[in-house]
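Accompanying notes for the structure given below.
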Amino acid sequence: MLPSLGARVFWTDLATEDGFTHRDPGSGTIGVWLNLRLRSQPARLRFTAAHEAGHIAMGHLTTAETDASPEAAQGRERDANVFATELLMPAEAFRGVAAPVDRRVMGDLVRRLGVSWDALMNRLDQLGVQEKDQSLAVLRGRMGAGSGPQ
């Protein structure tokens, strides 16, 4: 996904971040640095890559150079999260899914969409399908049937 947007991907140890994107002002080359630890966390890697793709697709690399205010940076991060969420978990993927969503259905969605349990529960809540507290209760075995997080 990232190379198709003209970005070069680099793997490195990052202390606190999952990844970041930078455009070289001289050459215009776009680089995306991903944390090495994500190699063992495929769902988180997919979300981080989609998030960084969002920054590229929405032109954040240019606006970051011109508006470095904390508020603008927070807005760009929020927009990139929305981009990643909609790319990996489009609303259409949840057609026919209705509360209460049990562990089996959540597990099927996690596997089919390649996302984390947390990302899925957030998306169910965002779409108004099931509140996150209800999803957590299902996973803790208080409701529903099927298999929990793996």
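Each value in this text was obtained by applying a stated rule to the coordinates, not by laboratory testing. Treat the numbers as computed from the prediction; the structure is a model and nothing was measured. Quick reminder, even Gly has a Cβ in these numbers, built from the backbone with ideal geometry, and neighbours come from all protein chains shown.
Counted by Cβ distance under 13 Å from LEU127, the other residues give a net charge of -1, where Lys and Arg count +1 and Asp and Glu count -1.
Extending 7 Å from Cα along the Cβ direction at ALA137 and again at THR66 yields two label points whose distance is 4.9 nm. Gain on full extension, evaluated as 0.36 nm per residue between VAL9 and LEU36 minus their Cα-Cα distance, stands at 8.6 nm.
Could you compute the net charge surrounding THR48? Neighbours are other residues with a C-beta less than 14 Å from the C-beta of THR48; K and R count +1, D and E count -1. Display every interim value, and only then the final one.
Numbers: positive: ARG37, ARG39, ARG44, ARG46; negative: GLU17, ASP18, GLU52, GLU77, ASP118.
With Lys, Arg at +1 and Asp, Glu at -1, the neighbours total -1.
Computed about the Cα centre, the dipole magnitude for the stretch 91-139 is approximately 200 debye when only Lys and Arg (+1) and Asp and Glu (-1) carry charge, each at its Cβ. Taking Rg and Dmax of the Cα atoms in Å as calculated from this structure, the corresponding entry among (1) 20.3, 74; (2) 20.0, 67; (3) 17.3, 57 is (3).
Which value, in debye to the nearest 20, gives the size of the charge dipole of the chain about its Cα centre, when Lys and Arg are +1 and Asp and Glu are -1 at the Cβ? All intermediate terms of the calculation are to be shown ahead of the outcome.
On the way: 17 positive and 18 negative charges, 152 e Å.
The dipole of the chain has a size of about 740 debye.
Annotation: the antiparallel percentage among DSSP beta bridges lying fully within the chain is about 45.
Could you please report the charge total around ASN35, scoring K, R as +1 and D, E as -1 over all other residues with beta-carbon less than 15 angstrom from its beta-carbon? The partial results should precede the final answer.
Working: positive: ARG37, ARG39, ARG44, ARG46; negative: ASP13, GLU17, ASP18, GLU52.
Overall, the nearby charge balance is 0.
Per-residue ellipticity at 222 nm from helix content only, as computed over the chain with -39500 (n - 2.57) for each DSSP H run of at least four residues, stands at -14500 deg cm²/dmol. What's log10 of I(q)/I(0) for the stretch 91-139 at q = 0.30 Å⁻¹, Debye sum over Cα points only, no solvent? Treating every Cα as an identical point scatterer, log10 I(q)/I(0) equals -1.40.
Note the full-extension length gain between MET58 and GLN74 as 0.36 nm times their separation in residues minus their Cα-Cα distance, in nm to one decimal. Walk me through the numbers on the way to the answer.
Details: separation 16, 0.36 × 16 = 5.76 nm, distance 1.43 nm.
Stretched out fully, the MET58 to GLN74 stretch lengthens by 4.3 nm.
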